[in-house]
Amino acid sequence: MVSSLPRLTRPEGPRPGVGIVHLGLGAFFRAHGAIYVADAMRVSGGDWGIVGVSLVRPDQRDRLAPQGFAYTALELGPEGETPRVVDVIDDMLVAREDPALVVARMADPAVRIVSLTVTEKGYCHDPATGRLNFGHPDIVHDLASPAAPRSAPGFLVAALARRRAAGTAPFTVLCCDNLPENGSTVRGVVLELAGASDPGLAAWIAAEAAFPCTMVDRIVPATKPEDIERVGRLTGRLDLSPVMHEPFRQWVVEEHFVGGARPDLGAVGVQLVRDVRGFEAMKLRMLNGTHSALAYLGYLAGHETIAATVADPVFAAFARRLWAAEIAPTLVPPEGEDLGAYAEALLARYRNPGIRHRTWQIAMDGSQKLPQRLLGTLADNAASGRPCPGLMLAVAAWMVYVGGRDEAGAEIDVRDPLAARLRVLSDGAPDPAGKVAALLGVAEVFPPAFAALRDDLASAYAGLVAHGARAAVEALAGPA
Ligand code: CS2
């Protein structure tokens, strides 16, 4: 038992000033952006300490506060594990407890960047169109109580309004979520929300603030109780909030910051570019697209993790088929990238036995993820007349998954903001064709043109139900 070990404490040493507020301080940012920022300060200095914010729950703050907000990042490589203590988090706030304090910290002139990992659903937008959902309960709330917001867009607007009133320059909004053209998407929702109450504020934000697009990449599974044990045994310290990550990391950022103010990210391997779109499309479609495909199909076939899924040669062959025949043909590789090599590197990353990334975790929030991961690729293939049975099978697997029963008839714990509605639609239809038609009617997810794919999706769905996910994958990918 590691609970008797001394608690991890913050290492002694000079403490940089705070320059960043991060909304949604979860495992991913702590294993990715925070480490880059720590590295950049180590190389080039600067006051880029981070105030982390949890929007709703206090548990992360409660685990980190007794450790002085320091935590262990454990790199899990095929050849072993390497721990490192990260001490770049200066403080952590829980927005639901004191929203005004969060707005005040974001409005501090010393803060030059507000970064975000609030997950796809945290932007309260409509995933099919990218527009703000004015019917979202948190947006309704934030329009009524703008000084005590609940949503991430609400906090951004409240803090930018405060800065404008105080004559302070806006901050750079650095979105680190897997959204298409993430900076532009967040800019759009912020301008819509600001414009609804104060068009002058929206015009000021549009003219003065910066919303660089970014591509973020590192596989960081949710921390599990056994990870706390593992880190304790390895380091001799009790850390209640370590993060587990693979060795690989990539961050491509559009070079567009208010006043040019940012940590020296270029010195530590961040690619600062003029246009992120090619990198982003490659990553969202090649990595996240196959992640989601393997998550739904792998889950239905009874696999707990991505590594277990691709250990089955039928699934590895299926991923390769998706990359080569259905995803890569829709992409223009960014300069310096070779899509074939990128795909092989992804498969090696998925196989990393140290990373226990649950299919169930990746399957979460599919309604928010499908458009940028699978549906855009599918639409591009359809427009070029290229058949894409693998992508069809993946979307059909999502449809089976949100129906809430696995192949053994057991209940699936579907986590998705639309879960209840999706279940009602699925349960209300008698057969695969009816279920597919009903789900294709969810306009937040599927553009109207997808109605034309109904028959193909229905036969993929019927195949999954009749033969099971593994057999359906094998039928496409060839025998193991
Ligand atoms: C995953 C991503 O959970 C998911 O949906 O596909 O978190 C993925 O691990 C990262 O985007 C990798 O960079």
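Structural remarks
- Among the residues of the stretch 247-280, the ones that are away from the ligand (no atom under 14 Å from the Cβ) and either within 13 Å of residue 180 (Cα to Cα) or surrounded by fewer than 21 Cβ atoms within 10 Å (Cβ to Cβ) (or both) come to 20 in all.
- Verdict on residue 293 being modelled with pLDDT of 95 or more, within 16 Å of the ligand (Cβ to nearest atom) and buried (at least 24 other Cβ atoms within 10 Å of the Cβ): yes
- Residues that are assigned to a loop (DSSP other than H, G, I, E, B) and buried (at least 19 other Cβ atoms within 10 Å of the Cβ) within the stretch 332-344 comprise just one, 334.
- Scan of the stretch 399-426 for residues that are acidic (Asp, Glu) and within 12 Å of residue 367 (Cα to Cα), ordered by number: 416
- Residue within the stretch 341-361 that is away from the ligand (no atom under 16 Å from the Cβ), out of contact with any Leu (no Cβ under 8 Å at 6 or more places or on another chain) and at pLDDT 95 or above present: yes
- Residues that are among the charged types (D, E, K, R), outside the structural domain of residue 219 (by TED's automatic domain parsing) and touching a strand residue (DSSP E or B) at 6+ places or on another chain (Cβ under 8 Å) are absent from the stretch 365-377 altogether.
- Helices (runs of 4 or more DSSP H) lying entirely in the stretch 345-437 (those with 1 or more residues that are under 19 Å from residue 455 (Cα atoms) and of a type in the set (S, T, N, Q)): 376-383, 419-427
- For the stretch 219-241, a residue qualifies if it is open to solvent by 20 Å² or more (accessible area, probe 1.4 Å) and within 16 Å of the ligand (Cβ to nearest atom), and the qualifying residues are 222, 223, 224.
- Considering the stretch 172-209, the residues that are among the polar types (S, T, N, Q) and open to solvent by less than 10 Å² (accessible area, probe 1.4 Å) include one that is nearest to residue 277 (Cα to Cα), namely 182.
- Residue count for the stretch 1-24, restricted to those that are open to solvent by less than 10 Å² (accessible area, probe 1.4 Å) and within 15 Å of residue 55 (Cα to Cα): 3.
- Residues in the stretch 26-40 include at least one that is out of contact with any Asp or Glu (no Cβ under 9 Å at 6 or more places or on another chain) and not in a helix (DSSP H, G or I).
Residues checked against (1) touching a Gly at 6+ places or on another chain (Cβ under 7 Å); (2) part of a strand (DSSP E or B); (3) not assigned by TED's automatic domain parsing to the domain that holds residue 399:
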| position | (1), (2), (3) |
| --- | --- |
| 244 | no, yes, yes |
| 248 | no, no, yes |
| 267 | no, no, yes |
| 291 | no, no, no |
| 294 | no, no, no |
| 310 | no, no, no |
| 318 | yes, no, no |
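- Filter result for residue 434 (surrounded by fewer than 15 Cβ atoms within 10 Å (Cβ to Cβ), of a type outside the set (D, E, K, R) and over 23 Å from residue 285 (Cα atoms)): yes
- If you go through the stretch 74-110 and keep only what is crowded, with 19+ Cβ neighbours inside 10 Å, aliphatic (A, V, I, L, M) and more than 30 Å from residue 369 (Cβ to Cβ), you end up with just 107.
The values are calculated or read from the model by the stated rules, or taken from the named source; none is laboratory data. As the structure is a prediction and not an experimental result, all values here were calculated from the model. With ideal geometry, Cβ positions are generated from the backbone for all residues, glycine too; neighbour counts draw on all protein chains shown. Surface accessibility is based on the protein's heavy atoms, side chains included, excluding ligands, DNA and RNA. Shrake-Rupley method; radii C 1.70, N 1.55, O 1.52, S 1.80 Å.
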